[in-house]
Amino acid sequence: MTREVDPLKVAGLIPEDGDLLALRAIAEGTAHSVGEEFFSSLVRHLASALGVPYAFVAEFARVNTRVRTLAYWHRDRIAANVEFDLAGTPCEDVVRGHLCHHPIGVKDKFPLDRPLVQMGIESYLGVPLLDDAGNHLGHLAVFDERPMPSEPRRLFVFRIFASRAAAELERLRAERRLRDSEARYRDLYHEAPIAYVSTGTDGRFRSVNRSAAQLLGYTAEEMVGMPLTDILADTPAGKPKGLGIFQKFLRGEGADGEELELRHKDGRPVWVSLWMKPMRGDDGKVQASRSIWIDITARVLAEAERARLAQQNLYLQEEIKAAHNFEEIIGRSPALAAVLDHVRQVAPTDTTVLITGETGTGKELIARALHSSSRRKHKPLIKVNCAALPTGLVESELFGHEKGAFTGAIARRVGRFELADGGTLFLDEVGEIPPEVQVKLLRVLQEREFDRVGGTAPIKVDVRVLAATNRDLLQAVRDKTFREDLYYRLSVFPVRLPPLRERPEDIPLLAHFLVDKFAMRIGKRIEGISQATMQHLLDYAWPGNVRELENVLERAVILTRSSVLEIDASVLPGGPPREGEAPAEPGRRLGRSLALPGEPPAGGQAPTLEAVECEHIRAVLRQTNGVIDGPAGAARILGLHPNTLRSRMKKLGITRPGHDPS
């Protein structure tokens, strides 16, 4: 039987059976390989199938005049890749996009290609590797020390695998570009100056970049898997707000520019402005969030500090506007000298001082002297008149409150303790502090920390506390209206101010000083005080102490028409006696009675200080027709803050003339 011959084979359009075996061997050898492994397998099987000792696949090396091999078969092994210039080599024609076949004479045709000459290469076959767009990616080549006749069928096999090599090279390049792109974006993600985080629906971090981790003092590895709640602050702007944003994410909603308070690993507050977008899977369900955090801690703290300084400035401006008793302490009596000696000894320390004394003796002035002589003198002296504050607001005034802590708390408020941080806090009328606030005050004195009203995080402060009262706190302790432990905390160093009646030798000095001050302020020239007037001043008991003396002299300076100040006996008689003296005749001060109604005759029981104070306030209210505020009001005449006067009136049961208390 004769064998039928396929005309296509005769024409050379399909390979012979031997070529099919070679094609199959190459296909099977490279079928399960990709990337560099594919190229190594390709050149090994290609050299074996074509019966040549050398084969390589190459790509351009940075420029199109130089190439490097991706795999190089050298006789019986994969050799190290090489890089070479195309000029003067048979590969030069291939990279121009043409199949290049030199059956013989290669070493003679390309004498400049020293490696080929040294190897004694006689033949060469190369084919370009092109992508779908016809761009040249590299080339595939085989060469031999023997001649390599032109065989179309072998060229057919060669071209098939050149196409496969080109596809793999294009895929490899795309993969390399993808890796490079991923590396660039990964570097951009991790090295970006902005914090990037991703959170899962379980509330745990899925990924964080280096900036996010550094912002909170962790490593990225520590944060991955950490619950979101671990870094949210225990404040209204922390956990409640953060969990609210998380719920929005679960609902598929985003967030733009939300300000959130976080906690650093060391406990410091960290404020961020947050942008968040939910990411959905192929099923449309929310899978994770992508968030950007911008660190705004410096801005928030600066705003808080500006607010604190603004409040402090406002407070100090109010203090400047308020009328103080003196610009300096006046007197040289032994009683006052002993007080000032104590002040000089305790001022440089941080010891808590309790200043006691009757109304108008200058307790605030002593507090200012203690502060100005201390190491805290460059920091503020913050004053709180505890008697002037409504009972329900004392805690908020002292310790501050968070937004929404109670009805009307529309914004966070910084308390007086925070305002005084680093400086001194003067608690005037400390005996009026409600019992429930006394506990918190004791905590500050003991632990140097407190909580704002409505707050959860303790606030540390460095404050020296000075306290003053005209009450008998020991009696209040016995009456169970003042805590005993708080009393002993406040009275570490007690300073008692003597009333003016116990230091009459200071009255002339005070009188001359005050007259000069008021004369200068009003614009009058007063050269002195008459002897009779000075005697009247010395004879009077001054139940209102220095403050009353100041008020009397200011009124007298306004009314005087002479260069020598005189106060008529009918205006200021001797008044109530000093201790140990017989009662003086009830008199009138500036046209108003100083004696109490029904005052006992000589030798009778003297009125209490509270009774004298009560009648004095009533007399001034009658004088001002019940007006408390303003330049001509009772508060101004008495030298008190209007709120302080109202508080004293309430305590003493005084109502304004013509005022219906209901």
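The values are calculated or read from the model by the stated rules, or taken from the named source; none is laboratory data. Bear in mind the structure is a predicted one, so any value in this text is a computation, not a measurement. Here Cβ is always computed from backbone atoms with ideal geometry, including for glycine, and neighbour counts include all displayed protein chains. Quick note on the areas: whole protein, heavy atoms, side chains included, nothing else; ligands and nucleic acids left out. Shrake-Rupley method; radii C 1.70, N 1.55, O 1.52, S 1.80 Å.
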Legend entry - Condition broken by Arg375, with the remaining ones in (1) within 18 Å of Val492 (Cβ to Cβ); (2) touching a strand residue (DSSP E or B) at 6+ places or on another chain (Cβ under 9 Å); (3) open to solvent by 50 Å² or more (accessible area, probe 1.4 Å); (4) of a type in the set (Lys, Arg) satisfied: (2)
Inset, instruction - Would you confirm whether any residue within region 146-160 is under 23 Å from Leu86 (Cβ atoms), surrounded by fewer than 14 Cβ atoms within 10 Å (Cβ to Cβ), at pLDDT 80 or above and out of contact with any Leu (no Cβ under 9 Å at 6 or more places or on another chain)? - result: no
Inset, instruction - Kindly indicate whether Gly105 is free of Cβ contacts under 8 Å to residues at least 60 places away in the same chain, of a type outside the set (A, V, I, L, M) and surrounded by fewer than 17 Cβ atoms within 10 Å (Cβ to Cβ). - result: yes
Legend entry - Hits in region 52-83 - residues which are open to solvent by 20 Å² or more (accessible area, probe 1.4 Å), of a type in the set (D, E, K, R) and either more than 22 Å from His102 (Cβ to Cβ) or part of a strand (DSSP E or B) (or both): Arg62, Arg66, Arg68, Asp76, Arg77, Glu83
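Table: residues versus (1) modelled with pLDDT under 55; (2) buried (at least 16 other Cβ atoms within 10 Å of the Cβ); (3) over 20 Å from Ile507 (Cβ atoms).
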{"residue": "Val557", "(1), (2), (3)": "no, yes, no"}
{"residue": "Thr560", "(1), (2), (3)": "no, yes, no"}
{"residue": "Gly574", "(1), (2), (3)": "yes, yes, no"}
{"residue": "Gly580", "(1), (2), (3)": "yes, no, no"}
{"residue": "Arg588", "(1), (2), (3)": "yes, yes, no"}
{"residue": "Pro597", "(1), (2), (3)": "yes, no, yes"}
{"residue": "Leu609", "(1), (2), (3)": "no, no, no"}
{"residue": "Glu615", "(1), (2), (3)": "no, yes, yes"}
{"residue": "Asp629", "(1), (2), (3)": "no, no, yes"}
Inset, instruction - Inspect region 115-129 for any residue being closer than 30 Å to Leu178 by Cα, open to solvent by 60 Å² or more (accessible area, probe 1.4 Å) and touching a residue at least 12 places away in the same chain (Cβ under 8 Å) and give the result as yes or no. - result: no
Inset, instruction - Name the residue, out of Gly134, Gly97, that is in contact with a His (Cβ under 9 Å, 6 or more places away or on another chain), open to solvent by 30 Å² or more (accessible area, probe 1.4 Å) and not in a helix (DSSP H, G or I). - result: Gly97
Inset, instruction - Taking Glu182 as the residue in question, decide whether it is open to solvent by 70 Å² or more (accessible area, probe 1.4 Å) and not in a loop (DSSP other than H, G, I, E, B). - result: yes
Legend entry - Residues of region 391-413 classified as out of contact with any helix residue (DSSP H, G or I) (no Cβ under 7 Å at 6 or more places or on another chain) and at positive phi, total: 2
Inset, instruction - Report the residue count in region 527-552 for those that are within 11 Å of Leu514 (Cβ to Cβ) and either touching a strand residue (DSSP E or B) at 6+ places or on another chain (Cβ under 6 Å) or surrounded by fewer than 18 Cβ atoms within 10 Å (Cβ to Cβ) (or both). - result: 1
Legend entry - In region 364-377, the residues that are farther than 8 Å from Gly423 by Cα and not in a helix (DSSP H, G or I): Ser373, Ser374, Arg375
Legend entry - Inter-residue pairs, beta-carbon under 9 Å, first on the phi > 0 side of the Ramachandran plot and in region 348-365, second in a strand (DSSP E or B) and surrounded by 19 or more Cβ atoms within 10 Å (Cβ to Cβ), 6+ apart: Gly357/Ala468; Gly357/Thr469; Gly357/Val495
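Per-residue answers, yes or no, for (1) touching a helix residue (DSSP H, G or I) at 6+ places or on another chain (Cβ under 9 Å); (2) at pLDDT 90 or above; (3) surrounded by fewer than 20 Cβ atoms within 10 Å (Cβ to Cβ); (4) under 18 Å from Trp271 (Cβ atoms):
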| residue | (1), (2), (3), (4) |
| --- | --- |
| Arg206 | no, yes, yes, no |
| Tyr218 | yes, yes, yes, yes |
| Glu222 | yes, yes, yes, no |
| Met226 | no, yes, yes, no |
| Thr229 | yes, yes, yes, yes |
| Pro236 | no, no, yes, yes |
| Pro240 | no, yes, yes, yes |
